[in-house]
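The values are calculated or read from the model by the stated rules, or taken from the named source; none is laboratory data. Quick caveat, the model's predicted, so the values are computed rather than measured. No Cβ is skipped: glycine too gets one built from the backbone with ideal geometry, and neighbour counts run over all protein chains shown. Quick note on the areas: whole protein, heavy atoms, side chains included, nothing else; ligands and nucleic acids left out. Shrake-Rupley method; radii C 1.70, N 1.55, O 1.52, S 1.80 Å.
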Amino acid sequence: MTGEVARVVIGGDVFQVNDAVLVKAPGANERYVGRIVSVAVENGAVKARLCWYYRPQETRGGRKRFHGVKELFSSDHYDWVSVNTIDAKCEVWSLREYQELEAVTEFDFYARFLYRSSRGEFRPEKVPVFCKCAEPYNPDRFMVECDQCNDWFHPECVNETKSSASQLDVWRCPDCRLSKITGEV
Ligand SMILES: [Zn+2]
Ligand SMILES: [Zn+2]
C-alpha cells in the first residue's frame, strides 16, 4: 500500500510537512538538516521526502569568514529517507529572526541564501556588506555602529577592540572622525 500521510510519530515526537529536522549522519561530525516536504507509506515503511540544507563547507567555494557557525543554505536538493533516520526537530530561521532569538540552542539555525547545488549557484547573489572589510553580516562577530554614518564595523578592522569601542557613548568610525576634524560634511 502506498499513500501520503500528513504526519508521523517517531519516538513520541510528531513530525509533519514543513518541519525542519536533524537527520542521523553516521560517521559525520554533525547531523544533516532537512525540511520535510512530504511523508508517504510504502509497503509498510514510512518515508519522508526532504529538501536538504547545506552547510557552508559543503557548498562550492566553501566556508567564508562571514558565514556564522549556525548558518545553513536552503537548497534544490531533495531525497527520500527512511523516517528512522530522523533524529530531532530543529528550527531554521531567517537571519533577522535568528538575530532576535533570546537564546540560541543546538536546534537553532538560520539560512539567508539558496544554494542551487546542481549548478553551484547562490541566490541572492548579493547581500548588504558592512565595515572596512566590506563583508556580509556574520552574527557571531561583534560589530559597533558609527553614530555618524550609521555603518557597522568590526572593531578589529579599525584597529580597536570590542571593549574600547563599546566603552564610548558616541562612537565614530575612522573616516567620520577624520571628516569631523577637516570639517567635511
Ligand atoms: Zn570588518
Ligand atoms: Zn562613520
Subject >> Karplus-derived 3J(HN,Hα), 6.51/-1.76/1.60, for each residue of region 146-154, Hz, glycine and proline x >> reply: 6, 6, 9, 9, 6, 7, 10, 9, 7
Original post:
Taking the C-alpha atoms of region 2-123, how large are the radius of gyration and the largest Cα-Cα span, Dmax, in Å?
Top reply: 14.9, 47
**OP:** Quick one: which residues, 5+ away or cross-chain, put their amide H under 5 Å from the amide H of Cys131? H built at 1.01 Å from N.
**Re:** Trp152
Original post:
So what are the ³J(HN,Hα) numbers for region 138-145, from phi and the Karplus equation (6.51, -1.76, 1.60; θ = phi - 60°), rounded to whole Hz, Gly and Pro as x?
Top reply: 10, x, 7, 10, 5, 9, 10, 8
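Might you tell me the accessible area per residue for the chain, computed with a 1.4 Å probe and given in Å²?
Working: 11160 Å² over 185 residues.
Heavy-atom SASA per residue in the chain reads 60 Å².
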**OP:** Check cross-link reach from Lys132 to the lysines: straight Cα distance under 17 Å, and skip same-chain residues fewer than eight apart.
**Re:** Lys64, Lys162
**OP:** Starting from the amide H of Val39, placed 1.01 Å from N in the peptide plane, find each other amide H under 5 Å away whose residue is 5 or more places distant or on another chain.
**Re:** Val5, Arg49
**OP:** Can you tell me the relative contact order of the chain? Whole percent, Cα pairs under 8 Å, sequence separation 6 or more.
**Re:** 15 percent
Original post:
Which aspartates and glutamates does Lys89 reach when only Cα atoms under 14 Å apart count, and residues fewer than 8 places away in its own chain are ignored?
Top reply: Asp13, Asp19, Glu106, Asp108
Original post:
List the GluC sites (Glu not before Pro) in region 108-185 that DSSP assigns to loop (not H, G, I, E or B) and whose Cβ has at most 12 other Cβ atoms within 10 Å. Which are they?
Top reply: Glu125, Glu184
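To the nearest 0.05, how large is the calculated FRET efficiency for Val129 and Asn43 if R₀ is 45 Å and r is the Cβ-Cβ distance? Walk me through the numbers on the way to the answer.
Details: r = 52 Å, r/R0 = 1.15.
According to the calculation, E is roughly 0.30.
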Subject >> Area of Asp175 that stays accessible when all protein chains are in place (1.4 Å probe, Å², to 10) >> reply: 90 Å²
Original post:
Using alpha-carbon positions, what is the distance between the centroids of region 110-176 and region 1-40, in Å?
Top reply: 35 Å
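For region 1-78, which whole-number percentage of the solvent-accessible area (1.4 Å probe, protein heavy atoms only) is attributable to carbon and sulfur atoms? Mind dumping the intermediate values first?
On the way: 2110 of 4250 Å².
Whole-percent figure for carbon plus sulfur exposure: 50.
So, R0 is 30 Å and r is the distance between the beta-carbons of Leu168 and Gln99; what FRET efficiency does that work out to, to 0.05?
Details: r = 23 Å, r/R0 = 0.77.
Using R0 = 30 Å, I get an efficiency of 0.85.
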Subject >> Estimated vicinal HN-Hα couplings, Hz - region 23-40 in sequence order (Karplus 6.51, -1.76, 1.60; Gly, Pro = x) >> reply: 10, 4, 9, x, x, 9, 5, 10, 5, 6, 10, x, 10, 6, 9, 7, 10, 9
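Helix-only estimate, please: 222 nm mean residue ellipticity of the chain, summing -39500 (n - 2.57) across DSSP H runs of length 4 or more and dividing by its residues, to the nearest 500. Kindly include the intermediate steps, with their values, before the conclusion.
Details: 3 runs with 20 residues, N = 185.
Computed mean residue ellipticity for the chain: -2500 deg cm²/dmol.
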**OP:** Using DSSP, restrict attention to beta bridges with both residues in the chain and report what percent are antiparallel, rounded to the nearest 5.
**Re:** 85 percent
